[in-house]
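One structure is given here, and the rest of the page talks about it.
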Amino acid sequence: MDLSTTIERIPRIGPVFQKRLKKLGIKTVQGLLFHFPHRYEDFSNLIPISKVRINEICTVQGRILEIKTIRTWKRRMFLTQAIIEDETGAIKTTWFNQPYLTKILKKDDYVFLSGKVTVGTSGVYLNNPAYEKAFLGKDLVHTGRLVPIYPETEGLSSRWLRYILRSLLICLKNKIPETLPEKIIKKEGFLPINKALWQIHFPESENLAKKAQERFSFEELFYIELFVLRERARLNKEKSVSIPFNIDLTKRFVDSLPFKLTDAQRKSAYQILKDLEKSRPMNRLLEGDVGSGKTVVAIMAALNTIKAGEQVAFMAPTEILVKQHFQEVEKLLKDFNLNIGLLTGKQDQFYSKKLKNQVIEISREKLLEKAENGEIDILIGTHALIQDKVKFGKLGLVVLDEQHRFGVEQRARLCRGYGGQTKLIPHLLSMTATPIPRTLSLTIYGDLDLSLIDELPKGRKKIITKVISPKERKKTYDFIRKEVKKGRQVFVICPRIEAQNSKLKTQNQKDVLGWAETKAVKEEYEKLSKTVFPDLKIGMLHGKMASKEKEKIMKDFKNKKVQILVSTSVVEVGIDVPNATVMMIEGTERFGLAQLHQFRGRVGRAGYQSYCLLFTESPARKTKQRLNALLTSEDGFKLAEKDLKIRGPGDFAGTRQWGIPDLMMNSLTNVRLVEKTREAAKEILTEDPQLKKYPRLLAKLGRFRERIHLE
Ligand code: ADP
Ligand code: MG
């Protein structure tokens with residue numbers, strides 16, 4: 001048996017358990033051994049029975065004097081009762097609903113019991129203790145030590161996992177090949193892998209458990225760092241077309257804008273334009289809070305690229321956003337005589353060519369043809385852009401808006417068919433409003449250069465953010481009506497499209513469960529348009545609508561034909577309606593902080609006082625904590641750090657894509673560890689860039705690559 005042995009071939013794991021393990025993604029011995037406990041129960045306090053104290057967690061060892069299971073009719077459960085005796089005394093023990101215990105534990109057996117000493121009507125007893133029969137020379141697994149507790153999964157108890165893991169570890173004792181370079185183990189004082197695996201599952205002390213965790217946290221991060229640094233080195237060897245920084249053109253563009261660029265926008269644009277001049281591919285992330293004006297910076301890069309005779313692909317996550325960008329680009333580049341294409345996912349593809357300032361529709365085939373023959377200067381689209389059929393004649397720049405991912409893969413796909421045998425690859429500009437905490441930018445975003453837009457355009461007022469209690473709903477509607485009467489517009493965001501199946505939920509059940517209905521767009525739309533605001537114009541927007549409908553409603557909202565827009569989170573990223581001043585959010589707790597901050601960024605864009613009103617269904621403490629963060633901070637960066645702390649990085653940009661295990665998720669919040677692993681990775685790569693001396697590392701990285709490219 002070795003690490004690659006599949007679970008089917010492990011003795012004592014039958015088909016039922018195989019299935020349960022596979023549900024967790026565990027397929028091999030390796031997978032099992034690296035399924036780590038998330039905490040330990042400290043049962044190491046082994047004491048004589050006479051010394052037990054009430055409310056103490058302890059382990060006692062002794063002989064079973066008697067044991068029986070009875071059925072309590074009143075509460076309809078099984079109660080197993082036993083008395084255990086050692087030289088110093090005896091104690092009662094009680095287990096609930098484990099009638100099979102009397103088959104395992106018999107009178108006169110010697111056992112270890114670990115649990116809490118409790119006092120009840122019939123005196124002092126051990127309450128539901130962990131148990132383990134004692135044999136001569138047998139190590140303790142479930143009692144009398146630090147006992148590993150595994151993340152709970154249906155049908156896979158910690159007890160069962162301990163039993164299997166224990167036998168695997170014994171079977172593979174000292175046979176697991178070391179994965180980290182010896183040098184690093186020495187330098188950091190890490191436990192070698194065999195010992196570390198043993199200690200993470202069955203630690204002799206808390207200190208050793210911690211040391212084992214440290215090693216594995218380091219190791220996972222270390223692979224990521226190696227991977228990222230190697231990608232970067234690889235990219236540095238590639239070639240791109242150098243795009244000259246056309247100063248006159250850029251000036252002309254800036255002068256044509258209806259506003260003055262902020263210093264931060266200028267600085268970012270300069271960094272980008274300087275990067276484009278190089279014949280190495282740019283790999284840059286433009287990060288700026290919502291409303292900081294990233295689009296116009298991207299357009300400056302696009303304009304220079306086009307004037308250098310190259311094409312630009314501009315990709316955004318939703319159709320709505322793509323259309324908005326299309327309009328914006330069309331408007332801002334009106335005087336530059338360009339061909340701008342629009343490509344989305346559904347059947348109604350059309351191409352719009354700015355010819356004497358007019359938009360025309362053409363078939364999708366035509367559009368693709370024009371992309372390939374280079375006639376289109378800038379093609380704006382959704383994911384449809386990276387479909388097989390789309391080819392560019394001479395793609396010089398890829399802009400990814402709010403993609404929340406790396407872009408490496410997108411660029412790779414867009415490169416196909418580009419440049420023929422010249423093998424040039426386009427520059428990449430990725431844009432995001434989700435600030436990336438430092439630890440993440442050092443790891444999974446580590447191969448990107450960063451430009452920051454760290455100021456908002458002048459004259460914007462601070463958005464007033466408030467958590468609204470259910471009692472204040474009516475008052476809030478009155479307030480909304482006032483804003484609309486002033487000529488302003490309103491967003492209402494709901495977490496779902498359709499109402500939940502409410503068959504099961506009588507009012508009584510709802511009360512018992514503390515259940516509150518999650519607001520749905522369709523229902524709210526009905527309610528607002530028929531009951532609350534019958535006199536106002538209400539619109540509805542959600543992801544399941546046909547794209548023509550979506551487009552129309554967005555247009556109506558932009559042109560103020562609709563006053564209140566009830567929508568799902570499709571408006572989250574990028575939507576720009578400067579006249580909107582109220583962002584009302586239902587079911588706030590269902591959204592992440594960064595997402596809420598994005599919603600909030602939809603208003604306050606034109607100098608009117610704006611409001612973000614948060615309705616919640618749950619009074620949970622964690623919700624409050626999160627919402628408080630939103631109330632007290634307008635800084636997207638700080639919010640992201642807080643979100644990371646409160647929710648863990650699971651929801652963060654890109655992390656899910658890496659299939660990062662829990663243990664490492666935690667270490668992603670540890671800046672020092674991240675920096676350390678980066679240094680270590682750099683050292684190894686300086687010494688041996690091809691990792692020739694480290695075939696096992698190389699193999700690991702290969703698997704990594706597969707994982708990322710599978711998305
Ligand atoms: P985001 O960074 O969130 O993508 P946008 O690019 O959508 O922001 O810009 C938000 C709004 O601000 C747009 O209406 C845009 O025209 C406007 N804008 C951009 N830069 C400036 C500026 N320097 N001064 C005033 N308004 C600006
Ligand atoms: Mg944007």
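The values are calculated or read from the model by the stated rules, or taken from the named source; none is laboratory data. Source: prediction; values computed, not measured. Using ideal geometry, Cβ is built from the backbone for each residue, glycine included, and neighbour counts are taken over all protein chains shown. SASA here: full protein model, heavy atoms, side chains in, ligands and nucleic acids out. Shrake-Rupley method; radii C 1.70, N 1.55, O 1.52, S 1.80 Å.
Here are some notes:
- Ligands, DNA and RNA left out, the accessible area of region 45-144 computed with a 1.4 Å probe is 54% carbon and sulfur.
- Each peptide in 518-526, 693-701 was scored by the mean count of other Cβ atoms within 10 Å over its residues; highest first, the order is 518-526, 693-701.
- For TRP160, TRP95, the ranking by accessible surface with the largest value first comes to TRP160, TRP95, using a 1.4 Å probe.
- Heavy-atom surface analysis with a 1.4 Å probe gives region 207-315 a carbon and sulfur content of 49 percent of its accessible area.
- For LYS274, a cut-off of 16 angstrom between C-alpha atoms picks up these aspartates and glutamates, skipping any fewer than 8 places away in its own chain: ASP248, ASP449.
- Potential lengthening between LYS486 and ARG71 on full extension [0.36 nm per residue; Cα-Cα distance subtracted]: 142.3 nm
- Scoring 625-636, 597-608 by mean Cβ neighbours within 10 Å over their residues and listing the highest first yields 597-608, 625-636.
- Label-point separation in nm, ASN194 to VAL124, each point 7 Å along Cα→Cβ: 4.5 nm
- In nm, spacing of pseudo-spin labels at ASP478 and GLU675 (7 Å Cα→C-beta vector): 5.5 nm
- Among the listed pairs LYS173/LYS642; LYS307/LYS389; LYS22/LYS210; LYS458/LYS555; LYS195/LYS237; LYS251/LYS389, those with a Cα-Cα distance over 32 Å are LYS173/LYS642; LYS195/LYS237; LYS251/LYS389.
- Euclidean distance between Cα centres, region 261-304 to region 199-242, Å: 31 Å
- Spatial separation of Cα centroids for region 539-614 and region 361-387, in angstrom: 29 Å
- With 22 Å as the limit, the listed pairs LYS116/LYS211; LYS558/LYS638; LYS323/LYS462; LYS519/LYS624; LYS471/LYS624 have LYS116/LYS211; LYS558/LYS638; LYS323/LYS462 beyond it between alpha carbons.
- Full extension of the segment from LYS51 to LYS552, taken as 0.36 nm per residue of separation minus the current Cα-Cα distance, would add 172.6 nm.
- Which listed pairs, of LYS466/LYS527; LYS260/LYS552; LYS391/LYS552, have C-alpha distances above 27 Å, in listed order: LYS260/LYS552; LYS391/LYS552
- Computed label-point distance, nm, for sites ALA90 and ASP688 using a 7 Å Cα→Cβ extension: 6.5 nm
- The value for region 532-627 of Rg(Cα) / (2.2 N^0.38 Å) is 1.13.
- Backbone N under 17 Å from the ASP108 label point (7 Å along Cα→Cβ), restricted to region 65-85: 65-68, 83-85
- For region 45-144, the fraction of alpha-carbon pairs lying more than 23 Å apart is 20 percent, rounded to a whole number.
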